[in-house]
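Working notes, beginning with the structure itself.
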2 protein chains.
Amino acid sequence: MKNISRRQFLTYVGAVGGTSALLKTSIAMGLMKEDPFKGPVKVTPAPIKNKPSVLILGSGIAGLATAFELEQAGYDCTILEASFRAGGRNLTVRNGDKIDEMGHTQICNFDKQDNLFFNCGPARIPGHHKRTLHYCKALNVPLQIKANSSKMAYFQDDKFLGGKPKRIIEYHTDARGLMSELLWKSADSNTFNQMLNAEDVEKLMDFSKAFGDLTENGKYIGSERAGSITDRMLDYPQPHAPMELKALLDSRFWYGGLLGAELYDWCEPLMEPIGGMDAVVKGFLRHLKKPPVLNAQVKKIFNKANGVEVTYEQGGEFHTVTADYCFNNIPAYFMAGIENNFSSTYQAGLNSVKRGHLFKIAYQMKSRFWEDDGIYGGISYSADAISQIWYPSHDINAQKGILLGAYTWDPKHSAMFESLTPLERLKVGAMSGEKIHPGYSKYIENGISIPWARMNHQMGCGMRMNKDDFKTYFHLLQKPEGRHFMIGDQISHHSGWQEGALASSEQALGQFNHLVATNRT
Amino acid sequence: MKNISRRQFLTYVGAVGGTSALLKTSIAMGLMKEDPFKGPVKVTPAPIKNKPSVLILGSGIAGLATAFELEQAGYDCTILEASFRAGGRNLTVRNGDKIDEMGHTQICNFDKQDNLFFNCGPARIPGHHKRTLHYCKALNVPLQIKANSSKMAYFQDDKFLGGKPKRIIEYHTDARGLMSELLWKSADSNTFNQMLNAEDVEKLMDFSKAFGDLTENGKYIGSERAGSITDRMLDYPQPHAPMELKALLDSRFWYGGLLGAELYDWCEPLMEPIGGMDAVVKGFLRHLKKPPVLNAQVKKIFNKANGVEVTYEQGGEFHTVTADYCFNNIPAYFMAGIENNFSSTYQAGLNSVKRGHLFKIAYQMKSRFWEDDGIYGGISYSADAISQIWYPSHDINAQKGILLGAYTWDPKHSAMFESLTPLERLKVGAMSGEKIHPGYSKYIENGISIPWARMNHQMGCGMRMNKDDFKTYFHLLQKPEGRHFMIGDQISHHSGWQEGALASSEQALGQFNHLVATNRT
């Protein structure tokens, strides 16, 4: 036995490690990273005497990161921020915090507890958002896994299964089963015989069986993968009756729900800073040499021969400041109202940027009823205007929790919520929640909502450009005009994500290095 | 505007909440829970005078839970444990801890840090394991999300794509795309016209497009869902070239890898106790009135007229104790070596239980290189004997981490590892890891392995029974013989999970209540 084992071992080692060709292949592969991010741009250091000055307009993530990198390289940075607070759409509210909505100031009434917070803007970070993750590490922002999808959560649609919510795991499993059954049937009825040989048709049938959990005869009759109607610990498992193919085809969850975890930015696992996304803002602020100038609303921006002149209003007074360079994080659609001397093409580009509508509700729930239902984080999808319900995945088993009761970026749904008072919004959200979780309303202690398109100093979230404008103008906005750079997630292909904001900053700083080199020669 | 909005609101409210029929439907649905667990069995309270005594053999999870419930109900419980430690296969090792392998005692050399631990046995809890979650809550065991699947992790097989590891997200996306393309083609070529009407065929084609991210013409040409070969923040996304259908059909990841997150027990999100799974054991021990008697190896078990007599050996001395009832958590395959007076059928049942083989390696890695590669938890799948690599999802951005470098329950692979010395196992594991992560070996600081089938007092993990024996005997083992109850995950339909162990305890306690009622009348 011992000898045989030894031989087995040596054979195994040979098979595993002997052929260096194989190893070389994988090493070569490992070097072929598709991801170009290798760390932030190394900004050309400022001369020690006569440090160049930089104005940064807006303290959103792009503004903060740009200031941070420039300060590290020795530049003198001033951030002008129109709001009473820094961070832009990276906003986390807790007890006593203000949501500065036009005409409807809301104060957060959550209990005064660290774990009761609401990320009004960004709330999750996928593993391939390397810039965001880089700054979390560099700024000592502690991260935890955020469960973004839960198979135990629900789909609910009044027009699907009579409005009865269905667990995502059942919908997913049935969808895979039903489509695999069709595929098996096609393979079995020679549909693919012209393109596949007999052996591959056989494999395709096996694949369908595995993918859909079909019977030996290629039938889908429900699957244990979606659980059991018996107590499967003490008895033989018995799958739920599957839904009909017709019901699947008529359902409206092909996008969003069915695909949620399949989209690249939502690929599991996602992360969140412990204690709230604003830990990223706080991280930058801790490291900045000069804090942002708050309540400073920009009124004029003029490119000059060797710099930029900016006028802002603060407490009713106007101030004009000059700097060698300017990085502008202000929503582009505000630029039409800010006096400037940009070229007409550049102005047209700025004006072509449209506001995205995004709306969220958060409720403080007096108990974490969803955990009793097997849900520990993730998202339920609703065909109502609320679109989504998010369950917190931190502080499991705590008494209370903040539930995201609505999250929609559908302009139609957002507009409906925007037209309501904060209290009405909460009521509408509660009615839709009730359809997924009977008794939902009675757990609500208080709530707060954020219609980003009505927020002072933002008036939108996730910029939109039509396809033609994008082609015509976007490349212009990605470059400086004079010594003025537009930044922000709006100047990325990935608006609505912090990673887009950071990429814009990185791109602008790369161009800044060029400009500095040019100006010196 | 205001008026229109108000009307919109009222219309909306009508649509959402007006039809009480809908709400009633969903409420009715909510009451139809499939899950029968409503909390632990209420054990019949012990009489205040002459408390009945209970012997519990083995301090695995089933033994601990049984003792806990019985003590709460006033019984006098004694746990006899053969090992030097309590917990059975719920074992977490840290610096200095011993892995008590037959002939190869291993001492854990991880750095002395709280976050450097290795869950040798159970390591994750899905949201529907209600018993396990109940005890975590009842015993104040804090939980966190454990990322069990990561789309950023890899598949690697020497026989697939020339051994080059492929990100799971690429494999998944391509698999969905390729099978959707076939489905679209079938629908388009009238394969389903006999079973579906024209409208449904149309919907099926739309469904295929959505599911697989096909072009308008039903072609799969790669998908942004698997990322981009360009920097998608700053440029138009450009999908990876998809793999060939042939490569997919020839690959060996249909099971395990492709299905991992589709299986019910691995449905996202999963959880883990913060700091290690043995927090569950510690939770029970904190709450038990009498700690387990350690190093007490049971040698004889005899059912008597009104109780049970057990003889155990401790430090070379034999002790005989009696009790009114006995719950036996000892691996059933050890019972052949323990003298007893059970019926021959019951003995045959015990003897039909076979040992499962399960093997794990854990490495201390000097840096968390996987995080630089976008992986924050989850599992890479290997076709080598290691089968899986697990990345820790806790303590993100810490300097070091414990990587699970092998996890197999394939008896063939386990047997190979079992035949090696601990050092050889680490070397074999490193060679396979190297194929997924070039440079893997140079991060390894130390490692430890656990071959459960060679562990003193366990000699197996995850019981196995052949189908016929299961039919013949299992129902007998689920019931007491005399006043002796078998418990443990082995006496559940879900061996290898703590939930199975707890279910067995629950079932036995329910029968205990019956027996107590019978004995009193």
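We did not get these values from a lab; they are worked out from the coordinates using the rules stated. Keep in mind the model is a prediction, meaning the values are calculated, not measured. Virtual Cβ from ideal backbone geometry, glycine too; neighbours counted across all protein chains shown.
As a calculated quantity, the FRET efficiency between B:Leu294 and A:Asn140 at R0 = 30 Å, using C-beta atoms, amounts to about 0.10. In order along the stretch B:354-366, phi translates into HN-Hα couplings of 10, 7, x, 10, 8, 9, 9, 10, 10, 10, 8, 9, 6 Hz, rounded to whole numbers, per the Karplus curve 6.51 cos²θ - 1.76 cosθ + 1.60 with θ = phi - 60° and x for Gly and Pro. For chain B, a crude dipole built from +1 on the beta carbon of Lys and Arg and -1 on the beta carbon of Asp and Glu, taken about the Cα centre, is about 1300 debye to the nearest 20.
Assuming charge only on the beta carbon of Lys and Arg (+1) and of Asp and Glu (-1), the dipole of the protein assembly as shown about its Cα centre is about 1580 debye to the nearest 20.
Each Lys and Arg contributes +1 and each Asp and Glu -1, all at the Cβ; summed about the Cα centre of the stretch A:400-452, the dipole is approximately 120 debye.
Expressed in units of 2.2 N^0.38 Å, where N is the residue count, the Cα radius of gyration of chain B is 1.15.
In nanometres, what is the gap between the two model label sites at B:Glu424 and B:Leu259, each 7 Å from Cα along Cα-to-Cβ? With each label point 7 Å from Cα toward Cβ, the separation is 3.3 nm. Legend: mean number of C-beta atoms from other chains within 10 angstrom of residue C-beta atoms, peptide A:397-406, equals 1. Averaged over peptide A:145-155, the number of partner chain Cβ atoms lying within 10 Å of each residue's Cβ comes to 5.
Do any of A:Lys246/B:Lys203; A:Lys51/A:Lys299; A:Lys112/A:Lys400; A:Lys354/A:Lys427; A:Lys137/B:Lys366 go past 19 Å between their Cα atoms, and which? The pairs that break the limit, which is 19 Å between Cα atoms, are A:Lys51/A:Lys299; A:Lys354/A:Lys427.
Could you work out the equivalent-ellipsoid semi-axes for the stretch B:421-521, taking the square root of 5 times each eigenvalue of the Cα gyration tensor, largest first, in whole Å? Let's see the in-between values first.
On the way: eigenvalues 375, 40, 28 Å².
So the equivalent ellipsoid measures 43, 14, 12 Å along its semi-axes.
Each DSSP beta bridge with both residues in the protein assembly as shown is either parallel or antiparallel, and the antiparallel ones are about 75%. A simple spin-label model places pseudo-atoms 7 Å from Cα toward Cβ; at A:Lys467 and B:Asn513 they are separated by 6.5 nm. Semi-axes of the equivalent ellipsoid for the stretch A:389-474, computed as √(5λ) from the eigenvalues of its C-alpha gyration tensor and ordered from largest down, come to 31, 16, 12 Å. Compute the helix-to-body angle for B:168-188: its Cα long axis versus the longest principal axis of chain B, expressed 0 to 90° and rounded to tens. That helix lies at roughly 60 degrees to the long axis. A Förster radius of 45 Å, combined with the Cβ-Cβ distance separating A:Asp206 from A:Lys98, puts the computed FRET efficiency at roughly 0.15. Calculated on the Cα set of the stretch A:166-251, radius of gyration then Dmax: 14.4, 49 Å.
Explain nothing, just the number: relative contact order of chain B, from Cα pairs under 8 Å at least 6 residues apart, as a whole percent.
Once normalised by length, the contact order is 20 percent.
Per-residue ellipticity at 222 nm, computed for chain B from helices alone with -39500 (n - 2.57) per DSSP H run of at least four residues, works out to -10000 deg cm²/dmol. Across the stretch B:37-54, rounded Karplus estimates of 3J(HN,Hα) from the backbone phi angles (6.51 cos²θ - 1.76 cosθ + 1.60, θ = phi - 60°) give 6, 10, x, x, 4, 7, 6, 3, x, 6, x, 5, 8, 6, 3, x, 9, 9 Hz, Gly and Pro being marked x. Under 5 Å from the amide H of B:Ala296 lie the amide H atoms of B:Glu81, B:Ala82, B:Ser83, each residue being 5 or more positions distant or on a separate chain, with H modelled from the backbone and absent for Pro and chain starts. The separation of the stretch A:144-180 from the stretch B:397-412, counted between C-alpha centres, amounts to 31 Å.
Relative to one another, the C-alpha centroids of the stretch B:225-289 and the stretch A:82-115 are positioned 35 Å apart. Close amide H pairs (under 5 Å, H built 1.01 Å from N) link A:Lys354 with A:Arg464, A:Met465, residues at least 5 positions away or on another chain.
On a 0 to 90 degree scale, rounded to 10, what angle separates helix B:198-212 from the longest Cα axis of chain B? It is inclined by approximately 70 degrees.
Among A:Thr132, A:Ile274, A:His514, which residue has its Cα positioned farthest towards the positive end of the charge dipole of the protein assembly as shown, with +1 placed on the Cβ of Lys and Arg, -1 on the Cβ of Asp and Glu, and the dipole taken about the Cα centre? The listed residue farthest towards the positive side: A:Ile274.
Working note: Karplus 6.51/-1.76/1.60 with θ = phi - 60° gives the stretch A:300-305 the couplings 9, 9, 10, 6, 10, 3 Hz, where Gly and Pro are set to x.
With a Förster radius of 30 Å applied to the beta-carbon distance between A:Arg252 and A:Ser441, the computed FRET efficiency rounds to 0.75. Each listed q (0.08 Å⁻¹) maps to a log10 I(q)/I(0) for the protein assembly as shown, found by the Debye formula over equal Cα scatterers with no solvent: -0.89. With a 10 Å cut-off around each Cβ of A:194-207, the average count of Cβ atoms from other chains is 3. Taking a point 7 Å from the Cα of A:Glu339 along the Cα-to-Cβ direction, the residues of the stretch A:282-311 with backbone N closer than 19 Å to it are A:296-305, A:307-311. The alpha carbon radius of gyration of the stretch A:265-327, expressed as a multiple of 2.2 N^0.38 Å, is 1.66.
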